[in-house]
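Asks: The structure is given below, and queries will be raised subsequently.
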Amino acid sequence: MKRVLLNVDKYQYDIHSLFKAFWGNEDVKVVIALDSVSYDSNEDLGDGDEDFFAKVGIISDKESEQGVFGKILVCVFPDIREEISFFDSDNTGKEDSASTSGAVTELDTSKNAVKKAIYLGLKKATGKELPWGNLTGIRPTRIAMNLIDKGRTDEEIADYMKNTYFVSNEKTSLSIAIARREKEILKDIDYENGYSLYIGIPFCPTTCLYCSFTSYPIGAYSKLVDDYIGCLEKEIDYVADNFKDKTLDTIYIGGGTPTTLEPHQLERLIGYVKEKLDTSCVKEFTVESGRPDSITRQKLQTMHRMGVDRISVNPQTMRDETLRLIVRRHTVSQLIDSFKMAREEGFDNINMDIILGLPGETAEDVRYTIEEIKKLGPDDLTVHSLAIKRGSKLAEVLHEKELRGELKVPILESINNTEEMMSIAARGAADMGLTPYYLYRQKNISGNFENTGYARKGKAGIYNILINEEVQSIVALGAGTVTKRVYGNGRIERCDNVKDIKLYMDNLQEMIDRKNILFK
Ligand code: SF4
């Protein structure tokens, strides 16, 4: 356990995320101690790992008419000190004045100064540099996007990202390139008068051990599916009544695994969407068909006939041994057959997801996976970094396997993504003619890595960018989904549908009422 003392009641989340970025496999606790601790020295840091490990203090605040001047002092066990001055014009430190003005300010806000001082302290303590520096948010391309909108040059944006957040040259260039590509892809989307539709199908053939989504095994829940679709139809009725004046830009049926539905159920659902909503302006209609063990020729034919133009068939890895380990109950050969079948049935935009850092996998396994995927030639490749939490079901299973001597490498090493793996995937995508078009980061991943979507020209997933950049409202239907209203000034409000499928079905009107209130 890494325990961090803090003398103010703010920034805990950012501080926690930053420590986790250096020690992803450790528990980190940020403890607020307002009194009785001296924050201007390394005293009282106890025994490091067993006691308080670091202190973050905002000291010597000085208020003036213009704002608050102060100093951040970060002490890391046993003898590291970092000190950075700040100026908060609005007395909150919340606004990143530099990112809104686009210029590098002489003094950081208190929030930026806290993150800078911690980053520099932890860099010294560990000897590590993080590719994303001290950026803890999940959307780094947002910063580049904002500055592009303000007319900044690539050079100015790069300087800002490096000086303020210590982002590496490589990630800086990647962020700017993606932000410019996203702007180009979204140039025909009317953010204010358009919307996107998400429909969640929370069933899967079986539950993968690392799953963090709403997912119920179809075998045990198949009797509920028709009624569940009935609930979705009522939500679609709500959309039909309330979004008549808006343009539907993209449709995304995700989950779970939508292709656990039988062909007639897919036909019923997609048919209802098309009957009730004006889909004449839809630019992209995706159905996640992630698990190859749920795909049949008849389902592919149904989806293609009904206008679905983008699907995903997800290997995660091309090693059968790893698929077994993570209890993803399909084989590599099933994946290859499903992909080929989808091509035969006319799908010319197929995404594949892979995960880096899967248990027991080395850079060599990633290289193998990429080479096998190259043979299939997907149009879109999404590269995820896996974060396995201690105490999770997968971590427990892995620990048992480790005790039995069944893991190739120790557990903590076996679940880490690495720069080398990221580079192998990026080079592989480039070899396939795919360029990066969106990226986002997950919370608390060791190594502070990102998930990146690569696509062939003209095949980028528009919905992926819209949800990632949060520039358009998304109406989400089904259990465990989150609807997002994006206002013209960038303000965002959300409402969610409950995750429990029975609660969702029993309280459907309440879910619809929540949307009614949100879009009033
Ligand atoms: S296929 Fe995806 S949603 Fe379904 S159990 Fe596996 S990880 Fe979860």
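The values are calculated or read from the model by the stated rules, or taken from the named source; none is laboratory data. All values derive from a computational prediction rather than experimental measurement. Glycine also receives a Cβ, built like all others from the backbone with ideal geometry; neighbour counts cover every protein chain displayed. The accessibility values were calculated without ligands, DNA or RNA, using every heavy atom of the protein model including side chains. Shrake-Rupley method; radii C 1.70, N 1.55, O 1.52, S 1.80 Å.
Asks: Multiplying the sequence separation of S41 and T126 by 0.36 nm and subtracting their Cα-Cα distance, what value in nm do you get? If you can, show how the numbers build up before the last one.
Replies: Values: separation 85, 0.36 × 85 = 30.60 nm, distance 1.97 nm.
Gain in length upon complete extension: 28.6 nm.
Asks: Now, a different point. In the full protein assembly as shown, how much of M306 is accessible to a 1.4 Å probe, in Å² to the nearest 10?
Replies: For M306, solvent-accessible area is about 30 Å².
Asks: So if I take the centroid of the Cα atoms in the range 228-266 and the same for the range 348-377, what is the distance between those two points in Å?
Replies: 31
Asks: In the neighborhood of E345, defined by Cβ-to-Cβ distances under 13 Å, what is the net charge if each Lys or Arg adds +1 and each Asp or Glu adds -1?
Replies: Cβ neighbours under 13 Å give a net charge of +1.
Asks: Mind checking which of L186, L261, F243 is farthest towards the positive end of the chain's charge dipole, using Cβ charges of +1 (Lys, Arg) and -1 (Asp, Glu) about the Cα centre?
Replies: After comparing all options, I get L261.
Asks: Dipole magnitude of the chain about its Cα centre, charges +1 at Lys/Arg Cβ and -1 at Asp/Glu Cβ only, in debye to the nearest 20?
Replies: Its charge dipole is roughly 1000 debye.
Asks: Assuming a ≥ b ≥ c are the square roots of the Cα gyration tensor eigenvalues, decide whether the range 256-314 counts as rounded (a/c under 1.5), prolate (otherwise, with a/b larger than b/c) or oblate.
Replies: Prolate is the answer for the range 256-314, as a/c is 1.5 or above and a/b outweighs b/c.
Asks: Also, I was wondering about something else. Sorted by accessible area with a 1.4 angstrom probe, largest first, how do K20, K520 fall?
Replies: K520, K20
Asks: Additional query: Among Y165, F69, Y454, which residue has its Cα positioned farthest towards the positive end of the charge dipole of the chain, with +1 placed on the Cβ of Lys and Arg, -1 on the Cβ of Asp and Glu, and the dipole taken about the Cα centre?
Replies: Of the candidates, Y454 comes out farthest on the positive side.
Asks: If you don't mind, another one. Mind giving me the nanometre distance, one decimal, between the label points for D337 and N489, set 7 Å out from Cα along Cα→Cβ?
Replies: Between D337 and N489, the simple spin-label model gives 5.7 nm.
Asks: What does the accessible area of S196 come to, in Å² to the nearest 10, when a probe of 1.4 Å is used?
Replies: The accessible area comes out at roughly 0 Å².
Asks: Leaving ligands and nucleic acids out of the surface, order I157, I84 by accessible area at 1.4 Å, largest first.
Replies: I84, I157
Asks: If you place +1 on the Cβ of every Lys and Arg and -1 on the Cβ of every Asp and Glu, how big does the dipole about the Cα centre of the range 224-330 come out, in debye to the nearest 20?
Replies: In total the dipole reaches around 460 debye.
Asks: What's the magnitude of the charge dipole for the range 267-320 around its Cα centre, counting Lys and Arg as +1 and Asp and Glu as -1 at the beta-carbon? Answer in Debye, nearest 20.
Replies: For this selection, approximately 80 debye.
Asks: Toward the positive end of the charge dipole of the chain, about the Cα centre and with charges on Cβ (Lys, Arg +1; Asp, Glu -1), which of L466, Q298, H330 goes farthest?
Replies: Q298
Asks: I would also like to ask the following. Please turn the phi angles of the range 155-172 into ³J(HN,Hα) values with the Karplus equation 6.51 cos²θ - 1.76 cosθ + 1.60 (θ = phi - 60°), one per residue in order, whole Hz, x for glycine and proline.
Replies: So the Karplus estimates, Gly and Pro as x, are 5, 5, 5, 4, 4, 4, 5, 6, 6, 8, 10, 6, 6, 5, 4, 5, 6, 5 Hz.
Asks: Can you compute the FRET efficiency between F69 and E510 using 1/(1 + (r/R0)^6), with r the Cβ-Cβ distance and R0 = 56 Å? Round to the nearest 0.05.
Replies: Between F69 and E510 the formula returns 0.70.
Asks: How much solvent-accessible surface does Y238 expose, in Å² to the nearest 10, with a 1.4 Å probe and all protein chains in place?
Replies: Y238 exposes around 10 Å² with every protein chain in place.
Asks: For V30, which sequence-distant residues (separation of 5 or more, or a different chain) have an amide H within less than 5 Å of its own amide H, given hydrogens modelled in the peptide plane?
Replies: Residues meeting the criterion, in which the H sits 1.01 Å from N, are V4.
Asks: Keeping all protein chains in place and using 1.4 angstrom, which order do F52, F86 fall into by accessible surface area, from largest down? Mind dumping the intermediate values first?
Replies: Values: F52 45, F86 5 Å².
These residues rank, largest area first, as F52, F86.
Asks: Under a point spin-label approximation (7 Å from Cα along Cα-to-Cβ), what is the A240-E275 distance to one decimal in nm?
Replies: The modelled label-to-label distance comes out at 0.7 nm.
Asks: Can you compute 3J(HN,Hα) from phi for each residue in the range 131-141, using the Karplus curve 6.51 cos²θ - 1.76 cosθ + 1.60 with θ = phi - 60°, rounded to whole Hz and x for Gly and Pro?
Replies: Here the 3J(HN,Hα) series is x, 9, x, 9, 6, 10, x, 8, 10, x, 5 Hz.
Asks: Plugging the Kirkwood radius over Cα pairs into Stokes-Einstein for the chain, at a temperature of 4 °C and a viscosity of 1.567 mPa s, what D comes out in µm²/s?
Replies: 52
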